[in-house]
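Before any comments, here is the structure.
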Amino acid sequence: MQSFEKLRAALLCASLAAFTAGAAAAPGDPPAGAPAAQKKEEADAGAAPDESGKKKRPERDANTCLTCHRTLTDKKLRVVAEEYEHSVHRDERIGCVACHKGNPVDPTVQAHDKTAGFVVRPTHQQISAICGGCHEDPTFVRRFNARLAVDQRKLYDLSRHGKIAGAGDENSPTCTNCHGSHAILPVDSPNALVNRRQVKDLCAKCHADKEYMKPYGLPSTQTEKWDKSVHGKAFADGHDKAPTCTGCHSPHAGTLPGTATVAALCDRCHQDERDLFLKSPHSRAFRRLGLADCVPCHGDHDVARSSWLAGMTPDSACSKCHSKDEKPRKVAEEVATILRGVEAEENSVSIDVAEARKAGLLVPDASYALDRLRTARVRLFATVHTLDVRQLTEDANQAKSVAAEAREVLTRARRDRQLERRGYFAAIGVASLLFLLLVLKSVQLARRRRRSEP
């Protein structure tokens, strides 16, 4: 069967030979079909130089590999062509030979000539070099996407993934494990495995597999913890800024953040909290103990918000270190009371505003006050990093005054609505009385008219 497929492919491709010969490049043009991913020093010696005297990158005139493979009956050989046609690499300036090499100017099975460098399936260790052949060339990349970074391979080589791959571990992820091999889609495509909406599931394929992680001494609970974290919940609610795996680990330089880098990572989104933390007694103590700034309290994947952590309950962050310390215990309990009090105020006002809107009340001032209350709560949650109870109390009092203002606006709106209703019913009553008087007067006039008739 395989011999028949080869013969059929040879006959089909041979029929294209005349066309290919007729479409040969003009003198001085780059040779047709040279692999776009080839490095410049490997380019065909006959390529025409550009204005600077350097050889131009050869480009393909036609993709005979695609033409042949999509007609084959063997699904395994045909599907790669079908996937490639929907790939971001489908541009003829890239072509199949960019990765597989070979001799594309020969429209027969001789295109698979191994003396021309043809590779059926690149090895695990060859893949990053093949991808880097194009993606590290800014001149070439700029022709397709000027915003595409050209340092992905260097970052990958520095990452933990890249280091264990370079050491020969074939279970380590390389470019194709995340991006695919033939069906490579743009990162912003919703169907791409590396899309922001799917990247957590992509990472989980390895990192949630207990047996797969066992040789590396890594836990397999990261994605499960992230789902329950403040980041995971915000992401599930549709917040565009909520970080997924690549938001903290970065897509290519995926080295696990340690004590020297985690603060810088958190600082990208939480700069105010970081600045306030540096003024706190915890900052000095953490540096003395060699601890990261954020992780001891907030966690790494199971990141919790401040109001969940404060206090001396068994699952609070404070109780981990201060269960037997009287003064820190008191501060922790005061902080927890302040934070939860403001959260309760915000929740209460939020419910009141929602009910007012549902009742048809126009309360823009209350909605504005609710926005200010939420801002005050966010500011308060940042201030908690100072552990300054006096400042927290002041901020909490400001938040409560805003909540009182919102309630006053809502009370006034309800009172105005009641007055409107009373006026409405009074108006209906007066109108009804006038209507009744008119009816009675009409009846009286009708009787008089009948009496006056002869």
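The values are calculated or read from the model by the stated rules, or taken from the named source; none is laboratory data. Model, not experiment: these values are computed from the prediction. With ideal geometry, Cβ positions are generated from the backbone for all residues, glycine too; neighbour counts draw on all protein chains shown.
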Kindly check whether there is at least one residue in the stretch 172-191 that is farther than 19 Å from S87 by Cα and in contact with a helix residue (DSSP H, G or I) (Cβ under 9 Å, 6 or more places away or on another chain). yes
Restricting to the stretch 117-150, what's the tally of residues that are in a helix (DSSP H, G or I), crowded, with 18+ Cβ neighbours inside 10 Å and free of Cβ contacts under 8 Å to residues at least 24 places away in the same chain? 2
For the stretch 272-320, give me each residue that is small (G, A, S) and within 22 Å of H231 (Cβ to Cβ). A292, G299, A304, S306, S307, A310, G311, S316, A317
Looking at (1) at pLDDT 90 or above; (2) within 29 Å of K330 (Cβ to Cβ), which is the only condition F381 fails? (1)
Verdict on E394 being surrounded by fewer than 21 Cβ atoms within 10 Å (Cβ to Cβ) and either over 32 Å from the mean Cα position of the chain (by Cα) or touching a residue at least 24 places away in the same chain (Cβ under 8 Å) (or both): yes
Could you grab me the full set of residues in the stretch 271-306 that are surrounded by fewer than 19 Cβ atoms within 10 Å (Cβ to Cβ), in contact with a Phe, Trp or Tyr (Cβ under 9 Å, 6 or more places away or on another chain) and among the polar types (S, T, N, Q)? S283
Select from the stretch 275-299 the residues that are touching a residue at least 40 places away in the same chain (Cβ under 8 Å) and not hydrophobic (A, V, I, L, M, F, W, C) and list them in ascending order. K279, S280, P281, H282, G299
If you go through the stretch 179-211, how many residues are part of a helix (DSSP H, G or I) and over 21 Å from H231 (Cβ atoms)? 3
Take the residues of the stretch 40-86 that are in contact with a Leu (Cβ under 8 Å, 6 or more places away or on another chain) and surrounded by 19 or more Cβ atoms within 10 Å (Cβ to Cβ): which is modelled with the lowest pLDDT? T64
Could you run through the stretch 182-204 and say how many residues are surrounded by fewer than 18 Cβ atoms within 10 Å (Cβ to Cβ) and touching an Asp or Glu at 6+ places or on another chain (Cβ under 9 Å)? 2
Condition (residue is in contact (Cβ under 8 Å) with a residue 24 or more places away in the chain and over 26 Å from N397 (Cβ atoms)) applied to the stretch 307-316: is it met by at least one residue? no
Any chance C248 is crowded, with 17+ Cβ neighbours inside 10 Å, assigned to a helix (DSSP H, G or I) and in contact with a Pro (Cβ under 7 Å, 6 or more places away or on another chain): yes
